[in-house]
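The values are calculated or read from the model by the stated rules, or taken from the named source; none is laboratory data. On a predicted model such as this, the values are computed, not experimentally measured, just so you know. Every residue, glycine among them, receives a Cβ derived from its backbone with ideal geometry; neighbour counts consider all protein chains shown. Just the protein is used for accessible areas: all its heavy atoms, side chains included, with ligands, DNA and RNA removed. Shrake-Rupley method; radii C 1.70, N 1.55, O 1.52, S 1.80 Å.
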Amino acid sequence: MTIKTAIIGTGWFSNVHADLLSRMDGVSVEAFVGTSLDKAERSASAYASARAYADVEQMLDAVKPDAVYICVPPFAHGDIERQLIERRIPFLVEKPLSTNLEVPQQIVQGVKDAGLITSVGYHFRYTDAALKAAEVLEGRKIGMALGYWMGDMPQVYWWRKQEGSGGQFIEQTTHMADLLRRLLGEVDEVYAAFAQRAMHDIHEGVTVHDVGTVTMKLKSGAVATISNTCLLPEGGQVGLTIYTEQGTVEVKPDKLVVADKGIVTEYRNRANPYQRENEAFIHAVRTGDTSGISSNYEDAYKTMELTYAALRSAETGMPVKLG
Ligand SMILES: NC(=O)c1ccc[n+]([C@@H]2O[C@H](COP(=O)([O-])OP(=O)(O)OC[C@H]3O[C@@H](n4cnc5c(N)ncnc54)[C@H](O)[C@@H]3O)[C@@H](O)[C@H]2O)c1
(Lines give C-alpha, C1' and ligand atoms only; values in the text may rest on other atoms or scores of the structure.)
Protein backbone atom coordinates (compact mmCIF):
# COMPACT_ATOMS: atom_id res chain seq x y z
CA MET A 1 0.00 0.00 0.00
CA THR A 2 1.31 3.45 -0.91
CA ILE A 3 1.42 5.93 1.98
CA LYS A 4 0.12 9.28 0.71
CA THR A 5 1.91 12.20 2.37
CA ALA A 6 1.22 15.93 2.28
CA ILE A 7 3.59 18.71 3.29
CA ILE A 8 2.45 21.94 4.96
CA GLY A 9 4.98 24.73 4.46
CA THR A 10 7.09 25.53 1.42
CA GLY A 11 10.37 26.56 3.03
CA TRP A 12 13.79 24.97 3.16
CA PHE A 13 12.88 22.18 5.49
CA SER A 14 9.77 21.10 3.61
CA ASN A 15 12.07 20.20 0.75
CA VAL A 16 14.44 18.25 2.97
CA HIS A 17 11.55 16.01 4.06
CA ALA A 18 9.91 15.84 0.61
CA ASP A 19 13.20 14.73 -0.99
CA LEU A 20 13.61 11.91 1.52
CA LEU A 21 9.97 10.82 1.22
CA SER A 22 10.01 10.85 -2.57
CA ARG A 23 12.94 8.40 -2.57
CA MET A 24 11.23 5.91 -0.23
CA ASP A 25 9.51 2.80 -1.58
CA GLY A 26 5.73 2.84 -1.21
CA VAL A 27 5.53 6.53 -0.30
CA SER A 28 4.22 9.38 -2.44
CA VAL A 29 4.35 13.15 -1.89
CA GLU A 30 0.84 14.20 -2.96
CA ALA A 31 0.57 17.83 -1.87
CA PHE A 32 2.21 21.04 -0.72
CA VAL A 33 0.28 23.70 1.17
CA GLY A 34 1.73 27.20 1.18
CA THR A 35 0.68 30.61 2.40
CA SER A 36 0.09 31.36 -1.31
CA LEU A 37 -0.76 29.09 -4.24
CA ASP A 38 2.31 30.43 -6.08
CA LYS A 39 4.70 29.23 -3.41
CA ALA A 40 2.95 25.87 -3.14
CA GLU A 41 3.11 25.43 -6.94
CA ARG A 42 6.83 26.16 -6.95
CA SER A 43 7.45 23.47 -4.31
CA ALA A 44 5.06 20.95 -5.85
CA SER A 45 6.58 21.31 -9.32
CA ALA A 46 9.66 19.34 -8.21
CA TYR A 47 7.58 16.20 -7.51
CA ALA A 48 5.54 14.48 -10.23
CA SER A 49 2.81 13.26 -7.85
CA ALA A 50 2.37 16.55 -5.94
CA ARG A 51 -0.39 19.16 -6.31
CA ALA A 52 -0.42 22.66 -4.81
CA TYR A 53 -2.91 24.13 -2.32
CA ALA A 54 -3.19 27.41 -0.45
CA ASP A 55 -5.51 26.03 2.21
CA VAL A 56 -5.03 23.11 4.61
CA GLU A 57 -8.71 22.14 4.81
CA GLN A 58 -9.08 22.10 1.03
CA MET A 59 -6.00 19.93 0.69
CA LEU A 60 -7.21 17.46 3.35
CA ASP A 61 -10.61 17.15 1.63
CA ALA A 62 -9.06 16.61 -1.80
CA VAL A 63 -6.01 14.45 -1.03
CA LYS A 64 -7.08 12.49 2.07
CA PRO A 65 -3.44 11.94 3.06
CA ASP A 66 -2.30 9.05 5.28
CA ALA A 67 0.29 11.29 6.95
CA VAL A 68 1.07 15.00 7.07
CA TYR A 69 4.35 16.85 7.58
CA ILE A 70 4.08 20.24 9.34
CA CYS A 71 7.09 22.38 8.42
CA VAL A 72 5.93 25.87 9.35
CA PRO A 73 7.59 28.48 11.61
CA PRO A 74 6.99 28.25 15.37
CA PHE A 75 4.34 31.02 15.42
CA ALA A 76 2.14 29.22 12.85
CA HIS A 77 1.17 26.16 14.91
CA GLY A 78 -2.27 25.38 16.30
CA ASP A 79 -5.01 25.26 13.66
CA ILE A 80 -3.10 22.83 11.45
CA GLU A 81 -2.61 20.33 14.28
CA ARG A 82 -6.23 20.74 15.44
CA GLN A 83 -7.53 19.83 11.96
CA LEU A 84 -5.30 16.76 11.80
CA ILE A 85 -6.38 15.58 15.26
CA GLU A 86 -10.04 16.02 14.28
CA ARG A 87 -9.52 13.87 11.18
CA ARG A 88 -7.23 11.38 13.01
CA ILE A 89 -4.36 11.93 10.54
CA PRO A 90 -0.87 11.07 11.88
CA PHE A 91 1.63 13.93 11.62
CA LEU A 92 5.33 14.70 11.85
CA VAL A 93 5.85 18.23 13.08
CA GLU A 94 9.11 20.14 13.00
CA LYS A 95 10.50 21.44 16.29
CA PRO A 96 9.80 23.60 18.22
CA LEU A 97 6.12 22.88 18.93
CA SER A 98 5.37 26.61 19.27
CA THR A 99 6.80 29.86 20.67
CA ASN A 100 5.22 29.21 24.09
CA LEU A 101 3.11 26.63 25.95
CA GLU A 102 -0.39 27.85 25.11
CA VAL A 103 -0.89 25.99 21.81
CA PRO A 104 1.04 22.79 22.69
CA GLN A 105 -0.94 22.44 25.94
CA GLN A 106 -4.15 22.02 23.91
CA ILE A 107 -2.59 19.94 21.17
CA VAL A 108 -0.89 17.47 23.52
CA GLN A 109 -4.26 16.69 25.13
CA GLY A 110 -5.89 16.26 21.71
CA VAL A 111 -3.13 13.92 20.55
CA LYS A 112 -3.44 11.81 23.72
CA ASP A 113 -7.24 11.62 23.53
CA ALA A 114 -7.11 10.59 19.86
CA GLY A 115 -4.25 8.10 20.41
CA LEU A 116 -2.68 9.66 17.33
CA ILE A 117 0.70 8.65 15.87
CA THR A 118 2.97 11.71 15.96
CA SER A 119 6.66 12.44 15.54
CA VAL A 120 8.63 15.61 16.23
CA GLY A 121 11.72 16.64 14.27
CA TYR A 122 14.32 16.22 17.01
CA HIS A 123 16.71 14.63 14.52
CA PHE A 124 19.73 14.72 16.89
CA ARG A 125 18.16 11.76 18.69
CA TYR A 126 18.51 9.70 15.49
CA THR A 127 22.21 10.43 14.94
CA ASP A 128 24.69 7.57 15.37
CA ALA A 129 26.45 9.81 17.91
CA ALA A 130 23.40 10.16 20.18
CA LEU A 131 22.44 6.48 19.87
CA LYS A 132 25.96 5.38 20.75
CA ALA A 133 26.16 7.95 23.59
CA ALA A 134 23.07 6.40 25.22
CA GLU A 135 24.77 3.01 25.07
CA VAL A 136 28.09 4.27 26.50
CA LEU A 137 26.38 6.16 29.32
CA GLU A 138 24.52 3.10 30.57
CA GLY A 139 27.54 1.88 32.53
CA ARG A 140 28.61 5.28 33.85
CA LYS A 141 27.70 7.66 36.67
CA ILE A 142 26.75 11.01 35.15
CA GLY A 143 27.93 14.03 37.12
CA MET A 144 27.03 16.93 34.88
CA ALA A 145 26.63 18.16 31.30
CA LEU A 146 27.60 21.24 29.38
CA GLY A 147 25.68 22.06 26.20
CA TYR A 148 26.20 24.85 23.71
CA TRP A 149 24.88 26.29 20.42
CA MET A 150 27.14 29.14 19.41
CA GLY A 151 26.44 30.58 15.99
CA ASP A 152 25.05 33.26 13.73
CA MET A 153 21.47 34.49 13.34
CA PRO A 154 19.37 32.56 10.78
CA GLN A 155 18.18 34.81 7.96
CA VAL A 156 14.48 33.89 7.84
CA TYR A 157 12.38 36.95 8.86
CA TRP A 158 10.43 35.27 11.66
CA TRP A 159 13.49 34.02 13.54
CA ARG A 160 14.61 37.41 14.89
CA LYS A 161 11.15 38.21 16.35
CA GLN A 162 10.38 36.90 19.82
CA GLU A 163 6.75 36.26 18.84
CA GLY A 164 7.89 34.61 15.59
CA SER A 165 10.40 32.04 16.85
CA GLY A 166 10.29 32.13 20.66
CA GLY A 167 13.99 33.04 20.66
CA GLN A 168 17.16 31.02 20.17
CA PHE A 169 16.82 28.72 23.20
CA ILE A 170 13.27 27.70 22.22
CA GLU A 171 13.86 27.58 18.44
CA GLN A 172 17.38 26.25 17.98
CA THR A 173 19.11 25.27 21.21
CA THR A 174 15.99 23.18 21.89
CA HIS A 175 17.92 20.39 20.13
CA MET A 176 20.48 20.40 22.98
CA ALA A 177 17.79 20.68 25.68
CA ASP A 178 16.02 17.72 24.08
CA LEU A 179 19.25 15.70 23.86
CA LEU A 180 19.94 16.46 27.53
CA ARG A 181 16.52 15.02 28.43
CA ARG A 182 17.09 11.99 26.21
CA LEU A 183 20.51 11.17 27.69
CA LEU A 184 20.32 12.46 31.29
CA GLY A 185 16.60 12.32 32.10
CA GLU A 186 14.11 14.96 33.22
CA VAL A 187 14.96 18.40 34.57
CA ASP A 188 13.61 19.53 37.94
CA GLU A 189 14.54 23.21 38.10
CA VAL A 190 15.80 25.90 35.70
CA TYR A 191 17.54 29.21 36.22
CA ALA A 192 18.42 31.33 33.18
CA ALA A 193 20.05 34.63 32.24
CA PHE A 194 19.43 35.98 28.70
CA ALA A 195 20.51 39.33 27.21
CA GLN A 196 20.52 41.42 24.03
CA ARG A 197 24.10 42.44 23.32
CA ALA A 198 24.66 43.21 19.63
CA MET A 199 22.15 41.93 17.07
CA HIS A 200 19.43 44.52 17.84
CA ASP A 201 22.00 47.26 17.01
CA ILE A 202 23.20 45.54 13.82
CA HIS A 203 19.82 44.51 12.32
CA GLU A 204 16.50 46.30 12.39
CA GLY A 205 13.60 44.71 14.26
CA VAL A 206 15.53 42.14 16.30
CA THR A 207 13.61 41.40 19.51
CA VAL A 208 15.16 38.03 20.46
CA HIS A 209 17.99 37.73 22.98
CA ASP A 210 21.38 37.05 21.38
CA VAL A 211 23.17 35.52 24.39
CA GLY A 212 21.92 33.23 27.13
CA THR A 213 22.91 30.65 29.67
CA VAL A 214 20.65 28.16 31.43
CA THR A 215 21.50 26.25 34.61
CA MET A 216 19.54 23.12 35.42
CA LYS A 217 19.10 20.70 38.33
CA LEU A 218 18.07 17.27 37.07
CA LYS A 219 15.79 14.80 38.84
CA SER A 220 18.71 12.32 38.93
CA GLY A 221 20.77 14.75 41.02
CA ALA A 222 23.08 15.67 38.12
CA VAL A 223 23.44 19.34 37.11
CA ALA A 224 23.82 20.93 33.68
CA THR A 225 24.21 24.19 31.86
CA ILE A 226 23.36 24.96 28.25
CA SER A 227 24.51 28.26 26.74
CA ASN A 228 23.79 29.83 23.39
CA THR A 229 24.50 32.85 21.25
CA CYS A 230 23.45 33.96 17.78
CA LEU A 231 25.76 36.99 17.60
CA LEU A 232 28.72 35.32 15.88
CA PRO A 233 29.46 36.05 12.20
CA GLU A 234 29.22 32.33 11.44
CA GLY A 235 27.78 29.16 12.93
CA GLY A 236 29.51 26.00 13.96
CA GLN A 237 29.99 25.30 17.67
CA VAL A 238 27.23 22.91 18.64
CA GLY A 239 27.32 20.04 21.11
CA LEU A 240 26.63 18.46 24.47
CA THR A 241 29.45 17.20 26.68
CA ILE A 242 28.60 14.82 29.51
CA TYR A 243 31.02 14.43 32.43
CA THR A 244 31.22 11.03 34.09
CA GLU A 245 33.51 9.31 36.58
CA GLN A 246 35.17 7.43 33.66
CA GLY A 247 35.69 10.47 31.43
CA THR A 248 33.75 12.66 28.99
CA VAL A 249 31.13 11.75 26.37
CA GLU A 250 30.81 14.50 23.77
CA VAL A 251 27.93 14.49 21.28
CA LYS A 252 28.61 16.68 18.24
CA PRO A 253 26.41 17.05 15.14
CA ASP A 254 28.72 14.80 13.10
CA LYS A 255 30.37 12.51 15.67
CA LEU A 256 30.70 11.20 19.22
CA VAL A 257 33.94 11.55 21.18
CA VAL A 258 34.30 9.23 24.16
CA ALA A 259 37.09 9.46 26.73
CA ASP A 260 37.41 6.34 28.84
CA LYS A 261 40.04 6.72 31.57
CA GLY A 262 42.32 8.63 29.21
CA ILE A 263 41.66 6.61 26.03
CA VAL A 264 39.84 8.75 23.47
CA THR A 265 37.69 7.14 20.75
CA GLU A 266 35.86 8.98 17.95
CA TYR A 267 32.74 7.59 16.30
CA ARG A 268 31.68 9.46 13.15
CA ASN A 269 28.02 9.45 12.05
CA ARG A 270 27.35 7.18 9.08
CA ALA A 271 23.57 7.17 8.65
CA ASN A 272 21.46 10.21 7.77
CA PRO A 273 19.44 10.99 10.94
CA TYR A 274 16.64 12.67 8.96
CA GLN A 275 16.20 9.52 6.93
CA ARG A 276 16.04 7.40 10.08
CA GLU A 277 13.49 9.79 11.57
CA ASN A 278 11.34 9.67 8.43
CA GLU A 279 11.57 5.89 8.08
CA ALA A 280 10.53 5.38 11.71
CA PHE A 281 7.49 7.64 11.24
CA ILE A 282 6.37 6.11 7.93
CA HIS A 283 6.84 2.61 9.36
CA ALA A 284 4.60 3.61 12.28
CA VAL A 285 1.93 4.96 9.93
CA ARG A 286 2.07 1.79 7.81
CA THR A 287 2.09 -0.77 10.62
CA GLY A 288 1.00 0.95 13.85
CA ASP A 289 4.38 0.04 15.40
CA THR A 290 5.64 3.31 16.93
CA SER A 291 8.70 1.81 18.66
CA GLY A 292 11.13 3.48 16.24
CA ILE A 293 9.84 7.01 16.94
CA SER A 294 12.19 8.57 19.47
CA SER A 295 10.33 11.84 19.97
CA ASN A 296 6.54 11.99 19.78
CA TYR A 297 4.35 15.00 20.59
CA GLU A 298 3.93 14.08 24.28
CA ASP A 299 7.68 13.74 24.74
CA ALA A 300 8.52 16.88 22.77
CA TYR A 301 6.01 18.75 24.93
CA LYS A 302 8.35 18.17 27.89
CA THR A 303 11.22 19.75 25.94
CA MET A 304 8.92 22.68 25.15
CA GLU A 305 8.12 23.02 28.88
CA LEU A 306 11.84 23.06 29.68
CA THR A 307 12.83 25.65 27.10
CA TYR A 308 9.84 27.86 27.96
CA ALA A 309 10.72 27.61 31.65
CA ALA A 310 14.17 28.96 30.75
CA LEU A 311 12.59 31.97 29.03
CA ARG A 312 10.30 32.62 32.01
CA SER A 313 13.24 32.39 34.40
CA ALA A 314 15.27 34.83 32.29
CA GLU A 315 12.32 37.24 32.22
CA THR A 316 11.57 37.06 35.94
CA GLY A 317 15.07 36.54 37.32
CA MET A 318 13.74 33.64 39.39
CA PRO A 319 14.37 29.87 39.23
CA VAL A 320 11.46 27.92 37.72
CA LYS A 321 10.42 24.46 38.96
CA LEU A 322 9.19 21.96 36.40
CA GLY A 323 6.33 19.55 37.15
N1 LIG B 1 15.14 19.60 12.53
C2 LIG B 1 15.94 20.43 11.89
O3 LIG B 1 17.13 20.18 11.75
C4 LIG B 1 15.38 21.68 11.29
C5 LIG B 1 16.16 22.43 10.38
C6 LIG B 1 15.60 23.58 9.81
C7 LIG B 1 14.33 23.98 10.16
N8 LIG B 1 13.61 23.26 11.07
C9 LIG B 1 12.29 23.71 11.51
O10 LIG B 1 11.36 23.69 10.45
C11 LIG B 1 10.42 24.75 10.59
C12 LIG B 1 10.38 25.54 9.28
O13 LIG B 1 11.68 26.06 9.04
P14 LIG B 1 12.16 26.53 7.59
O15 LIG B 1 13.60 26.77 7.70
O16 LIG B 1 11.63 25.61 6.55
O17 LIG B 1 11.40 27.96 7.51
P18 LIG B 1 11.04 28.81 6.22
O19 LIG B 1 10.72 30.18 6.70
O20 LIG B 1 12.07 28.59 5.16
O21 LIG B 1 9.70 28.12 5.73
C22 LIG B 1 8.50 28.13 6.46
C23 LIG B 1 7.34 27.97 5.49
O24 LIG B 1 6.11 27.87 6.19
C25 LIG B 1 5.13 28.63 5.48
N26 LIG B 1 4.03 28.92 6.37
C27 LIG B 1 3.97 29.79 7.39
N28 LIG B 1 2.75 29.72 7.98
C29 LIG B 1 2.05 28.80 7.32
C30 LIG B 1 0.73 28.28 7.44
N31 LIG B 1 -0.08 28.70 8.42
N32 LIG B 1 0.33 27.35 6.55
C33 LIG B 1 1.14 26.90 5.59
N34 LIG B 1 2.41 27.35 5.42
C35 LIG B 1 2.84 28.28 6.28
C36 LIG B 1 5.91 29.83 4.99
O37 LIG B 1 5.27 30.48 3.94
C38 LIG B 1 7.20 29.17 4.53
O39 LIG B 1 7.09 28.68 3.24
C40 LIG B 1 10.90 25.59 11.80
O41 LIG B 1 10.15 25.25 12.93
C42 LIG B 1 12.33 25.16 11.98
O43 LIG B 1 12.77 25.20 13.33
C44 LIG B 1 14.12 22.12 11.61
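Residues in region 145-182 that are modelled with pLDDT of 95 or more, in contact with a helix residue (DSSP H, G or I) (Cβ under 9 Å, 6 or more places away or on another chain) and either aliphatic (A, V, I, L, M) or not assigned by TED's automatic domain parsing to the domain that holds M216 (or both): 7 in all.
Against the definition (more than 9 Å from the ligand (Cβ to nearest atom), over 29 Å from Q106 (Cα atoms) and within 20 Å of the chain's Cα centre (by Cα)), how does L92 come out, yes or no?
On the way: more than 9 Å from the ligand (Cβ to nearest atom): yes; over 29 Å from Q106 (Cα atoms): no; within 20 Å of the chain's Cα centre (by Cα): yes.
No.
Exactly one residue out of V206, V223 is more than 20 Å from the chain's Cα centre (by Cα), open to solvent by less than 40 Å² (accessible area, probe 1.4 Å) and in contact (Cβ under 8 Å) with a residue 12 or more places away in the chain: that is V206.
The number of residues in region 131-144 that are small (G, A, S), out of contact with any helix residue (DSSP H, G or I) (no Cβ under 8 Å at 6 or more places or on another chain) and modelled with pLDDT of 95 or more comes to 1.
The residue that is farthest from V93 (Cα to Cα), among those in region 261-282 that are surrounded by 15 or more Cβ atoms within 10 Å (Cβ to Cβ) and among the acidic types (D, E), is E279. For region 1-55, a residue qualifies if it is closer than 24 Å to D79 by Cα and in contact with a Leu (Cβ under 7 Å, 6 or more places away or on another chain), and the qualifying residues are T5, V29, A52, A54. Determine, yes or no, whether A31 is closer than 23 Å to R286 by Cβ, aliphatic (A, V, I, L, M) and open to solvent by 40 Å² or more (accessible area, probe 1.4 Å). For A31, the condition - closer than 23 Å to R286 by Cβ, aliphatic (A, V, I, L, M) and open to solvent by 40 Å² or more (accessible area, probe 1.4 Å) - is not met. In region 283-301, the count of residues that are surrounded by fewer than 17 Cβ atoms within 10 Å (Cβ to Cβ), in the same structural domain as D188 (by TED's automatic domain parsing) and of a type in the set (K, R) is zero. If only residues of region 226-239 that are among the hydrophobic types (A, V, I, L, M, F, W, C) and farther than 18 Å from L183 by Cα are counted, the one that is least open to solvent (accessible area, probe 1.4 Å) is C230.
Can we say S49 is more than 28 Å from V156 (Cα to Cα), more than 11 Å from the ligand (Cβ to nearest atom) and part of a strand (DSSP E or B)? No: the conditions fail for S49.
Of the strands (runs of 3 or more DSSP E) contained entirely in region 236-303, those carrying at least 3 residues that are in contact with a helix residue (DSSP H, G or I) (Cβ under 8 Å, 6 or more places away or on another chain) fall at 237-244, 255-260. For residues that are part of a helix (DSSP H, G or I) and of a type in the set (V, I, T), scanning just region 155-211, find the one that is farthest from the ligand (Cβ to nearest atom). Taking the candidates together, the pick is I202.
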